[in-house]
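Read the structure below first, then the notes.
The numbers here are math on the coordinates, done by the rules we state, and not lab data. Just so you know, these numbers come straight off a predicted model, no measurement behind them. Virtual Cβ from ideal backbone geometry, glycine too; neighbours counted across all protein chains shown.
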């Protein structure tokens with residue numbers, strides 16, 4: 001996990017953990033998140049740098065997600081990683097942004113592992129987060145990334161959270177331009193994607209209407 005430490009939210013989370021021993025409860029974390037976002041909103045209205053605030057918000061979600069991962073027995077899984085992708089991976093987590101996660105496993109989960117993963121995701125949903133997730137092996141990730149522009153784009157923006165960092169490293173090595181999507185192929189595909197989007201929305205308000213979060 002490589003988000004910068006957030007002075008305000010770090011203090012808030014430490015105080016929370018001191019009075020809420022493991023395992024974390026979704027209702028308690030939902031209340032914590034509401035309080036944290038109220039503090040971030042106050043800081044924003046006081047003129048604090050928006051990029052720093054987004055990083056602070058991201059960092060809090062990182063800590064909650066990793067603590068929940070470990071509390072539910074997932075930290076002991078071999079070759080398993082919890083990975084942030086998309087805007088979350090870029091540390092640009094707005095208050096209403098989805099929490100996009102990749103759960104990277106060595107093999108298909110057995111029933112016990114699947115139950116633990118389900119409990120982990122249910123916890124995040126129950127605390128009020130909008131979670132988008134995929135559960136894939138390394139081979140599945142690389143296969144999908146090689147043929148799908150959206151998948152490779154998300155993986156290029158991926159960020160390790162917790163678990164087996166070597167598994168994440170193998171994923172990052174696998175998506176290097178020398179292994180798939182060289183620079184020219186990727187650029188041409190993104191350009192075509194943009195042109196198709198303009199053709200679809202060119203004469204409507206959706207061309208310039210931002211997706212505010």
When the chain is modelled as a GNM with alpha-carbon springs shorter than 10 Å, which of 134, 158, 81 fluctuates the most? 134
Overall dimensions of the range 1-93 as given by Cα atoms, namely Rg and Dmax in Å: 13.8, 45
Out of the DSSP beta bridges found with both residues in the chain, what percent are antiparallel (nearest 5)? 55
Hey, what's the Cα Rg ratio for the range 51-91 versus the globular rule of thumb, 2.2 N^0.38 Å? 1.30
Cα centroid separation - the range 1-74 against the range 129-172, whole Å: 24
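Contact order normalised by length for the range 7-182, with contacts defined as Cα pairs under 8 Å and 6 or more residues apart; what percent is it?
Numbers: 222 pairs, mean separation 44.3, N = 176.
Normalised by residue count, the contact order of the range 7-182 is 25 percent.
Compute for the range 118-188: radius of gyration divided by Kirkwood radius, i.e. Rg/Rh, restricted to C-alpha atoms, rounded to two decimals.
So for the range 118-188, dividing Rg by the Kirkwood Rh gives 1.04.
So what is Rg over Rh here for the range 87-152, counting just Cα atoms and using Kirkwood for Rh?
On the way: Rg = 13.4 Å, Rh = 13.3 Å.
Using Cα coordinates only, the ratio equals 1.01.
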In nm, spacing of pseudo-spin labels at residue 112 and residue 196 (7 Å Cα→C-beta vector): 4.4
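Order the peptides 108-120, 27-39, 88-100 from the highest to the lowest mean number of other Cβ atoms within 10 Å of their residues.
Details: 108-120: 14.0, 27-39: 15.7, 88-100: 18.6.
Per-residue mean Cβ counts within 10 Å order the peptides as 88-100, 27-39, 108-120.
Starting from the Cα-Cα distance between residue 12 and residue 122, subtract it from 0.36 nm times their residue separation and give me the gain in nm to one decimal. Don't jump to the answer; show the numbers that get you there.
On the way: separation 110, 0.36 × 110 = 39.60 nm, distance 2.38 nm.
Here the segment from residue 12 to residue 122 would lengthen by 37.2 nm.
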Apply the Debye scattering formula to the range 7-182, with a single equal point scatterer on each alpha-carbon and no solvent, then give log10 I(q)/I(0) at q = 0.08, 0.16 Å⁻¹. -0.26, -0.97
